[in-house]
1. Please work out if Gly201 is over 14 Å from the mean Cα position of the chain (by Cα), in the same structural domain as Ala240 (by TED's automatic domain parsing) and farther than 16 Å from Gln139 by Cα.
2. Take region 207-263 and flag every residue that is among the aliphatic types (A, V, I, L, M), over 19 Å from the mean Cα position of the chain (by Cα) and closer than 20 Å to Thr133 by Cβ.
3. Within the set of pairs 6 or more residues apart or between chains, which connect a residue that is closer than 19 Å to Met320 by Cα and assigned by TED's automatic domain parsing to the domain that holds Glu318 inside region 411-425 to a residue that is loosely packed, with under 13 Cβ neighbours inside 10 Å and at pLDDT below 90 with Cβ atoms less than 7 Å apart?
4. Which one of the conditions (1) farther than 23 Å from Ser337 by Cβ; (2) crowded, with 18+ Cβ neighbours inside 10 Å does Ala100 fail to meet, given that it meets all the rest?
5. Test Gly58 against the criterion of being assigned by TED's automatic domain parsing to the domain that holds Leu194, surrounded by 14 or more Cβ atoms within 10 Å (Cβ to Cβ) and at pLDDT 90 or above, and give yes or no.
6. Based on what the data block shows, is Leu75 in a loop (DSSP other than H, G, I, E, B) and assigned by TED's automatic domain parsing to the domain that holds Val204?
7. Would you check if Leu339 is in contact with a Lys or Arg (Cβ under 7 Å, 6 or more places away or on another chain) and of a type outside the set (S, T, N, Q)?
Amino acid sequence: MAEDSRPDEGQNPEDEFRDMLRDILSGKSSIDPSQLAGAAGLAGDPASLAALMSQLQGALNNSAGGDGVNWEIALTQGQERAAAGQLSPTTEQQAQLTQAFHIAALWLDDVISVAELTVEPRLMTRREWVTGTMSLWTQLAEPVATSISDSLTRVLTDQAPEELQSMIANASQIVRSIGGTLFAMQLGQVVGQLASEVVSGGDVGIPLLGEQQAALLPQNVAAFGEGLDVPADQVQIYLAVRELAHARLFRHARWLRLHLISSITEFARGITIDSSRLEDLAAGFDPANPEELRQAMVDGSLIPPKSEAQLQALGRLETMLALIEGWVDVVTVEATSRLPKADAIAETVKRRRASGGPAESAFATLVGLELRPRRLREAAAMWQAVTDAVGNEARDALWAHPDIVPTSDDIDDPQALVARLTSAAQGVTPELDEMDKALEDLLRDDGTARPIEE
């Protein structure tokens, strides 16, 4: 009977490799399929194991369908993980949070010159949050997933015994598909866990939801307030103010969302995989103990140190994230001044943001990108100095165009920015440099400038 399971003489090497993998997944080989669940970051329970086997079988069957990762796997994994501990909001919670959004909108109108949203805020379950945000998570993660899959294929080809070289070389698409599947499942687990940590759509700083969409997660808002010794309605209003401020900023600065996402994806495309580290793993890989491979995927050790160009791109990205979060902090403090316990809630937000949650840390190591800006405190201090000097309207006008948004230098030296804004408000013409003088001469109409020759 054993001979019946052997590949036919002259069988295509790709089919032979596919059959070998099917034997592994079906339990016909010496490798226990449940051990693969550990490599994917899944629990070893029967339901998780069945899901993993189904997804990997799908990767085998669809491996000829293209080079892209099947991100539906990430969505399914994330939804299932989020739904595991999910509670639907009660009627009372829905009424309270809807009222909190109404109050937040009124209070924000008093402190910002940014138009209201035209889309009603949402109350979302954890599963709905995963569904609404997964498209952006996969956009951020795709360059890394592709790099891992390509590197895995290359390393397996190099490390395989000579008699298997042609088999694996011809089956590279299968290897790439399975590598992408494992990564997608890992991402789904991370985002599903993150859904239990965030309290709102803008909680991680980047615009995960669609344009103008503000949202709170009632279950997580309630968990945030536990143990604070702060009335629940004050927590709800404070978090609603922050979320509306974040969403309204992105509506006001129409260029900002695309600019931010483009910056993140540009950074992600520069990420490569440390082939030498992957080769070491492949050389010493024990199928009976896949923990080392899984750990390498989640601890970031496969991603080498950032290049100089990446560090510069990351610096620009962190500056923009700090500017966004710093602005939100300043307007939230002003808008919630009526709340007796606002300071206590703000302190909790700062501590929570500084430490980050387990899933956020996992995303940082999985994709190589931290979502928390390092210079938030300095950016908030800059926005406060601007507010004190020229008022809310002039402050918010700085978001009108990317060319006039404060820079890293402005965060370092807020008083220089304040001096420029104050001079402009008083009608004082700043001193021109040589380039500005030449341009002014060129554009003058009094005949003194030399005309441009055809």
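The values are calculated or read from the model by the stated rules, or taken from the named source; none is laboratory data. The model shown is predicted, which means the values in this text are computed figures rather than measured ones. Please note: Cβ atoms are built from the backbone with ideal geometry, for glycine as well, and neighbour counts cover all protein chains shown.
1. Considered against the rule, which asks whether it is over 14 Å from the mean Cα position of the chain (by Cα), in the same structural domain as Ala240 (by TED's automatic domain parsing) and farther than 16 Å from Gln139 by Cα, Gly201 comes out as no.
2. Within region 207-263, Val221, Ala223, Leu239, Ala240, Leu244, Ala245 meet the criteria.
3. So the pair list comes out empty.
4. Checking Ala100 against (1) farther than 23 Å from Ser337 by Cβ; (2) crowded, with 18+ Cβ neighbours inside 10 Å, the one that fails is (1).
5. It is false that Gly58 is assigned by TED's automatic domain parsing to the domain that holds Leu194, surrounded by 14 or more Cβ atoms within 10 Å (Cβ to Cβ) and at pLDDT 90 or above.
6. no
7. Judged against the criteria, Leu339 is not a match.
Matching residues to (1) β-branched (Val, Ile, Thr); (2) under 16 Å from the mean Cα position of the chain (by Cα); (3) assigned to a loop (DSSP other than H, G, I, E, B); (4) more than 26 Å from Gly192 (Cβ to Cβ):
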site: Gln312; (1), (2), (3), (4): no, no, no, yes
site: Glu318; (1), (2), (3), (4): no, yes, no, yes
site: Ala322; (1), (2), (3), (4): no, yes, no, yes
site: Trp327; (1), (2), (3), (4): no, no, no, yes
site: Val349; (1), (2), (3), (4): yes, no, no, no
